[in-house]
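Visitor: Here it is: the structure, laid out below.
The values are calculated or read from the model by the stated rules, or taken from the named source; none is laboratory data. Please read all numbers here as calculations on a predicted model, not as lab measurements. Counting neighbours? That spans all protein chains shown, and the Cβs are built from the backbone with ideal geometry, glycine included.
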Amino acid sequence: MSTVLANLQVVSIDSIIFGGETTLSVEDLGDAARDLPLDIIKLGTQEIVDKKFVREIKNKKNAIKRILMNCGTRYKDGYAVPVKVTLPSGTEIEVLKSAMAEIRPIENEISIMVAKFLTEYPRLVQEWAAKVEAKYPGWGVKILNSAPSVQRVEKRLYLNVDVEGVTLPVDIPGVGDGGLSRRLSSMPEGIINEISAEFRHWEGKEGSVNSAELRAKLKKLKSKAETLSFLDGSGKIIRIAQLINDILPNIPESGKLKGVQFLMAQGLIEKLKCPEDLMADELEIGGFDLCSEVQDKSEEIQEPKALEEVENNPTPIAVQTAVEVSEDDLGEFSF
């Protein structure tokens, strides 16, 4: 356990994002609140500035989360990220350093955006109140009266990315390791669930799947599995990376997926989207023989056209009822 812990750091996002709104009060609603059962009803909110800024900040925060999810896994209120790992190829990469090199510029951008917003905040409230007043007379004044001060907003608007090590807790009789062993042992399943979640709602159709986008997502998941495989003694996480690696060469760099290429991608994704299958001792694509399945699918696609041609043309014609698939077409596809 100590070896694993020495190679893990927890990256947490300490943030409060001011929502650009305040909670409505009974005074704001006036007579409209007179008959409301306020013991069972909660009043809503009112916007006090244009929320474009809030959306931009949240997008930046989500970008940081994506970076951490690509190379780490959720841990408590943050993300466990390896300091460095050696990939199956033998290449050693400094995972944490690389991730933070991407994150720090975003963190700086957020700081600049916050400072700019705080400077412009009084004017933004005035402009928004005027806009609301023109459309809903009386409400612009309510906004001006309820808007918090710049000082209060400043305390509710910040984002910091912190890094700290994962250490064994002090051994206290009757307490043990504070659940650390349990959290570490559950990490592989958590990682598999995170990978599976990327395709959980995937409903790609032949001819509509963007090959380049799919390749990019699969490469990120492959990299995540390779990076975090040292946390899994069962070998199930690295098996996911190998599975993706076997299929990737058969997915073209661009265009839409069709035919055999689509069927191969679909078989892979159907497996990835099911965490129970990924956790199983044996892992097969869909539990079927891909060669025979591709043959069957090809027959389903071709036979209606062939039958139509025979019915409309009594003269015997040569009809190909199936697509012949060679091993070269399928690439390395044995598991």
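Visitor: If a residue must be of a type in the set (Lys, Arg) and surrounded by 13 or more Cβ atoms within 10 Å (Cβ to Cβ), how many such residues does the stretch 107-132 contain?
Guide: 1
Visitor: Report every pair of residues separated by at least 6 positions or lying on different chains whose Cβ atoms are under 8 Å apart, first residue within the stretch 197-220 and outside the structural domain of Arg74 (by TED's automatic domain parsing), second exposed (fewer than 13 other Cβ atoms within 10 Å of the Cβ) and aromatic (Phe, Trp, Tyr).
Guide: none
Visitor: Among (1) touching a Gly at 6+ places or on another chain (Cβ under 9 Å); (2) modelled with pLDDT of 90 or more, there is one condition Pro169 misses while meeting the rest; what is its number?
Guide: Of everything listed in (1) touching a Gly at 6+ places or on another chain (Cβ under 9 Å); (2) modelled with pLDDT of 90 or more, Pro169 misses just condition (2).
Visitor: If you take the residues in the stretch 133-151 that are within 36 Å of the chain's Cα centre (by Cα) and not small (Gly, Ala, Ser), which one is surrounded by the fewest Cβ atoms within 10 Å (Cβ to Cβ)?
Guide: Per the criteria, the residue is Gln151.
Visitor: Give all pairs with beta carbons closer than 7 Å in which a residue from the stretch 81-108 that is assigned by TED's automatic domain parsing to the domain that holds Ile57 meets a residue that is surrounded by 12 or more Cβ atoms within 10 Å (Cβ to Cβ) and among the small types (Gly, Ala, Ser); count only pairs at least 6 apart in sequence or on separate chains.
Guide: These pairs meet every condition: Val81/Gly72; Val81/Ala99; Ile106/Ala63.
Visitor: Let me ask another. Is at least one residue of the stretch 278-288 part of a helix (DSSP H, G or I) and at pLDDT 90 or above?
Guide: Taking every residue of the stretch 278-288 in turn, at least one turns out to be part of a helix (DSSP H, G or I) and at pLDDT 90 or above.
Visitor: Quick one: which of Ile93, Ile106 is more than 26 Å from Glu56 (Cβ to Cβ) and within 24 Å of the chain's Cα centre (by Cα)?
Guide: Ile93
Visitor: Right, something else. Just wondering, is there one or more residues in the stretch 256-279 that are basic (Lys, Arg), touching a Gly at 6+ places or on another chain (Cβ under 9 Å), in contact (Cβ under 8 Å) with a residue 60 or more places away in the chain and buried (at least 20 other Cβ atoms within 10 Å of the Cβ)?
Guide: no
Visitor: Next up: Return yes when Gly30 is at positive phi, among the small types (Gly, Ala, Ser) and modelled with pLDDT of 85 or more and no when it is not.
Guide: When the stated conditions are applied, Gly30 does not pass them.
Visitor: Mind listing just one residue for me: the one in the stretch 195-214 that is buried (at least 16 other Cβ atoms within 10 Å of the Cβ) and either of a type in the set (A, V, I, L, M, F, W, C) or closer than 14 Å to Asp277 by Cα (or both) and, of those, farthest from the chain's Cα centre (by Cα)?
Guide: By that ranking, first place goes to Val209.
Visitor: Sticking with this structure for a sec: Given the criterion touching a residue at least 60 places away in the same chain (Cβ under 8 Å) and more than 17 Å from the chain's Cα centre (by Cα), identify the matching residue among Leu248, Leu184, Leu228.
Guide: That would be Leu184, the only listed residue that is touching a residue at least 60 places away in the same chain (Cβ under 8 Å) and more than 17 Å from the chain's Cα centre (by Cα).
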